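Working notes, beginning with the structure itself.
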Amino acid sequence: MNSQYIVIILVAIFMGWFALGMIYNLRRGDALLKWMQDGLPLIGQRTTFRWLGTSVAEMGIAKAKRPFQRLDVLLVLKPRDVFWMTILAFFQGRDDVLIFRGYLNTPPLLDLELADPKAWSGRTALKQVSERGWEGADYHGLRLMAPKGLLDLATTTLDQLAAPIQSLSPRYVRFSLRKTAPNFEVHVPFPNPRTMDAKDYFQSLVELARAVGQR
């Protein structure tokens, strides 16, 4: 077999991989978006939506209901359409993640970062706050970090939020609170539409955001 045929075969393999990965991501993302339609009215009316390539979909709710002022939702899927990026994502611990970025009517009383150090976005967030001199401690299998002198208060705050946190998702990649906007950022695995009701899911998100703003 000469080099020309080898090149043709390799190109065919990579193009086939790209097509299959793109179709899988778009279908998986669209299926989750359709499932979300029943629950989104609890937050507000969707105002913007766009696919950013084949691995990220972005939705904005500009005039959200309380306790939100605005909510941005991102569907971040593994880059299944590019072979070497798929392999890299595997070693980075990346998976499909649903991200909520909330602008709250009542901001939290402190900044904190709770993240999975084994996950890609969790490692990035922890590195950023570590460079700012935040203190850290282990918290139920995740890493909790807060500004110096506020780690105990951050622990107490998470203990108080335990019920609404678990109601939304049993596993978190990242849970972030900030006194400045966006005040609330949550990274969780995709919910299972077969076992989870969309209205219940978004009601849990509302209750979590409301609990964050309680004084």
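Bear in mind these aren't lab numbers, they're just calculated from the coordinates by the rules spelled out. Computed from a prediction, not measured in an experiment: that's the story for all the values here. Positions of Cβ are backbone-derived with ideal geometry, glycine not excepted, and every protein chain shown enters the neighbour counts.
Here are the numbers:
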quantity: Region 3-213 - charge dipole about Cα centre, Lys and Arg +1 at Cβ, Asp and Glu -1, debye rounded to 20; calculated: 440 debye
quantity: Partner lysines for Lys179 [C-alpha distance under 27 Å; skip if fewer than 8 residues away on the same chain]; calculated: Lys63, Lys65, Lys118, Lys127, Lys148
quantity: Pair Gln4, Gln128: separation of 7 Å Cα→Cβ label points (nm); calculated: 5.1 nm
